[in-house]
Every structure is written in structure tokens, then in C-alpha cells.
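The values are calculated or read from the model by the stated rules, or taken from the named source; none is laboratory data. Remember, it's a predicted structure, so these values are computed and weren't measured experimentally. Every residue, glycine as well, gets a Cβ built from its backbone with ideal geometry; the counts of neighbours run over all protein chains shown.
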């Protein structure tokens, strides 16, 4: 079923994007409480990965700890060039309990390891160079550029946009081109029955009854 949403835009509240978990809150929980807290956050981020429309994130000023990994769970990440990106968990005594999968998909295992060790922060320009972010903006312009990208995606035929995200997220088939082609072709045929696709066929053939 096609989502009623054209795109989802996530921004932080001033002064920055997100600084991760509230350590004062976590310090007051027992081990089971910490686990529940982090698993709930992990579940929310996985829902962004599976959300049936493009998810666009705008990072201004900083994305720290869980905020860093929340951002990398999006489909498109726009960052201010001077934004501070830093995974601080290891320096605090633990590894990030969630979100490493999307980071690895973006930058690969070697770079993900270096970033997760977090010996030094990086700025938005470096995040873009490494593949953490997709678009680098002038300071203060990340939100407006992210909004423009989200609006552009929202104007596209939603069924086709949703199908593209579904197929490209199917990492189980990524290493097998034939399986990925088979899945894409099956969904392509379904897409061809949509009103947007039928309008395209009518434009080029004048025949509203045929699909590939």
C-alpha cells in the first residue's frame, strides 16, 4: 500500500540536531532499565529505515552520540559544513548499543570503526567526504536545503518512490544481482498498474489498457 506521506523531514530543536541520550537519566536506571531505554530508541531508528517514504535529516551545529547514529538512519542527510559530528560512546566506556548497521552501510566497516572509536570529532564537510552525510550546506542552510529536497521527493509518484526504497533496502539480495533484479522486476510490474504509470503509457501510446 502506498504511504500517505510524500516524505519525512527530521530536524533538531535549537541549538543543534541531537546530543544523544540523557546520561543523567540513564545513570538513574538499573541495567534492565537502560536496556529497555536503548532498545526502544533502536526500534524507532529501525522504523526510519523501513518507513515507506524518503526520510530526510537536516543537521545543524552538532550531531553527537545517538544523534549521530539517528541521522545516519535517514535516507538523505544534509549537514551544515561547520556542524560537529562525534561518536563519544567509546570514550565514555561503552560501544554504541544500536545504529551501527546503517553507519556501516554508509561508510563501510573500516571507516565505521574509526568513527565509532571517536578519538576526535569531524565537521560537516568531513562527514560529507566520508559518506556520513549526502549534502553539505553553508552554515544555517541545512534545514532549508533539506526541506527543498523533501518537497521535491514528495512530488514524485509515491508508489515508485516507496518501491525504490524497499528494493534498495533489501540488503539480503544486494550481493546477488539476479535476485535483486527479480525482486525489482516483480515490483516494477505492480508499479506499472498505478495511475501515474498508466498516465505515462497513455501519453506515449494513446492506449490506456496495456501495461508491460
Would you say residue 90 is touching a helix residue (DSSP H, G or I) at 6+ places or on another chain (Cβ under 6 Å) and either modelled with pLDDT of 95 or more or closer than 17 Å to residue 144 by Cβ (or both)?
no
Matching residues in segment 74-111 - criterion: being out of contact with any strand residue (DSSP E or B) (no Cβ under 6 Å at 6 or more places or on another chain) and assigned to a strand (DSSP E or B)
none
All but one of (1) within 20 Å of residue 54 (Cα to Cα); (2) in the same structural domain as residue 84 (by TED's automatic domain parsing); (3) over 18 Å from the mean Cα position of the chain (by Cα) hold for residue 194; which doesn't?
(2)
Residue check, residue 69 against (1) over 27 Å from residue 155 (Cβ atoms); (2) in contact with a strand residue (DSSP E or B) (Cβ under 6 Å, 6 or more places away or on another chain); (3) buried (at least 22 other Cβ atoms within 10 Å of the Cβ), all met but one. Which one?
(2)
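Conditions (1) out of contact with any helix residue (DSSP H, G or I) (no Cβ under 9 Å at 6 or more places or on another chain); (2) assigned to a loop (DSSP other than H, G, I, E, B), marked per residue:
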{"residue": "4", "(1), (2)": "no, yes"}
{"residue": "21", "(1), (2)": "no, yes"}
{"residue": "32", "(1), (2)": "yes, no"}
{"residue": "39", "(1), (2)": "yes, no"}
{"residue": "43", "(1), (2)": "yes, no"}
{"residue": "48", "(1), (2)": "no, no"}
{"residue": "69", "(1), (2)": "no, no"}
Given the structure, is residue 57 outside the structural domain of residue 163 (by TED's automatic domain parsing) and buried (at least 20 other Cβ atoms within 10 Å of the Cβ)?
yes
Failed item, numbered, when residue 193 is tested on (1) in a loop (DSSP other than H, G, I, E, B); (2) under 30 Å from residue 68 (Cβ atoms); (3) without any contact (Cβ under 8 Å) to a residue 40 or more places away in the chain:
(2)
